[in-house]
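The structure appears right after this line, and notes come after that.
The values are calculated or read from the model by the stated rules, or taken from the named source; none is laboratory data. Please read these numbers as outputs of a predicted model, since none were measured by experiment. No Cβ is skipped: glycine too gets one built from the backbone with ideal geometry, and neighbour counts run over all protein chains shown.
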Amino acid sequence: MRDWFSVIGRGCELPEGALRDLRDVGFVVIPGPVASDRLGQLAAAYDAAVASADPDDMSVGSSTTRVHDFVNRGPEFDALYVYQPVLAACYRIIGRPFKLSSLLARTVRPRTPAQALHVDFKRDTDGWPMIGFIIMVDEFRSDNGATRFVRRSHKWPTIPDDLLNAPAADYEGQVQACGPAGSVIIYNGSIRHGHAANSSGEPRRSIQGAYIRREARSGVDLPARMRPETLSRIGPLARYLLAV
Ligand SMILES: O=C(O)CCC(=O)C(=O)O
């Protein structure tokens, strides 16, 4: 098999400043893979995929609605998980062969409170094993639930009691990742984060995924879910990232 990890490394396209922020602050917002004149099409495909999803593939929480398996929901989503700057971030931060662990839609519903600050993946002694990404289908603003991050918390040796006791409250050092529709947040899975309150009357839509070390256990068994039409359409890099 082709050494895709090296190929990804050679194609590095993450500006040095973005990599520094990702390492030091724990997240960065960059322009995404969808051209601005195609964002309307992406949003329409998102709505259609969410509306037609099997209830078994949906998780309705107190503030968000998630729809799983966006790898298999249409060609409009194929470019989202082979985006070179995000792969470059994984190459540099995970530092060893990696794979896609999940790809899902998450809508923060209108007039919902902030999500508890949490990590997606606990930091371990061997480094930071997960890179997450969030593609903004809508503009992320301070009033519509843009993701909040506690800067540098991916480096904390222990979690302060005040955060543990009130994870939904605002926390010192928290900043929101705002940006125009189409932007991508890349973040370290060990940083404390969560969506902020959506005080607007509109949903805040996003497509989110994560990469983990290749040998780690995925959040979702992606190879087991692959549909023949998806497999016939995607290229070799996508197949490598899906481990199929
Ligand atoms: O949707 C967001 O803004 C945050 C999502 C989140 O916290 C997560 O994926 O773990």
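Of everything in region 145-165 that is away from the ligand (no atom under 13 Å from the Cβ) and among the charged types (D, E, K, R), the residue that is surrounded by the fewest Cβ atoms within 10 Å (Cβ to Cβ) is D161. If we keep just the residues of region 117-134 that are modelled with pLDDT of 95 or more and more than 16 Å from L22 (Cα to Cα), which is nearest to the ligand (Cβ to nearest atom)? The residue in question is H118.
Which of the residues that make up region 19-46 are part of a helix (DSSP H, G or I) and touching a residue at least 12 places away in the same chain (Cβ under 8 Å)? Walk me through it before giving the result.
Of all residues in region 19-46, those part of a helix (DSSP H, G or I) come to 19-24, 36-46.
Correct list: L19, L22, R23, D24, S36, L39, Q41, L42, A43, A45, Y46.
Of the candidates I207, I131, I191, the single residue that is in a loop (DSSP other than H, G, I, E, B), in contact (Cβ under 8 Å) with a residue 60 or more places away in the chain and buried (at least 16 other Cβ atoms within 10 Å of the Cβ) is I191. When P33, P110, P55 are checked against the criterion of being at pLDDT 95 or above and in contact with a Ser or Thr (Cβ under 9 Å, 6 or more places away or on another chain), P110 stands alone in meeting it. Residues that are part of a loop (DSSP other than H, G, I, E, B) and modelled with pLDDT of 95 or more were ranked within region 173-188; the one that is nearest to Q115 (Cα to Cα) is A177. Of the numbered criteria (1) within 15 Å of the ligand (Cβ to nearest atom); (2) assigned to a loop (DSSP other than H, G, I, E, B), the one E215 fails is (1). Within region 50-65, the residues that satisfy the criterion of being outside any strand (DSSP E or B) and either exposed (fewer than 13 other Cβ atoms within 10 Å of the Cβ) or without any contact (Cβ under 8 Å) to a residue 40 or more places away in the chain (or both) are A51, S52, A53, D54, P55, D56, D57, G61, S62.
Every test in (1) acidic (D, E); (2) away from the ligand (no atom under 15 Å from the Cβ); (3) modelled with pLDDT under 95 is passed by D69 save one, and that test is (3).
Within region 140-168, the residues that satisfy the criterion of being of a type in the set (G, A, S), touching a residue at least 40 places away in the same chain (Cβ under 8 Å) and either assigned to a loop (DSSP other than H, G, I, E, B) or out of contact with any Ser or Thr (no Cβ under 9 Å at 6 or more places or on another chain) (or both) are S142, G145, A146, A168. For region 209-221, the tally of residues that are touching a strand residue (DSSP E or B) at 6+ places or on another chain (Cβ under 9 Å) and either farther than 20 Å from A89 by Cβ or of a type in the set (S, T, Y) (or both) stands at 4. Restricting S200, S190, S206 to residues that are within 16 Å of the ligand (Cβ to nearest atom), under 17 Å from D69 (Cβ atoms) and among the polar types (S, T, N, Q) narrows the list to S206. When you look at D47, is it closer than 24 Å to L242 by Cβ and either surrounded by 14 or more Cβ atoms within 10 Å (Cβ to Cβ) or not polar (S, T, N, Q) (or both), yes or no? Criteria not met by D47.
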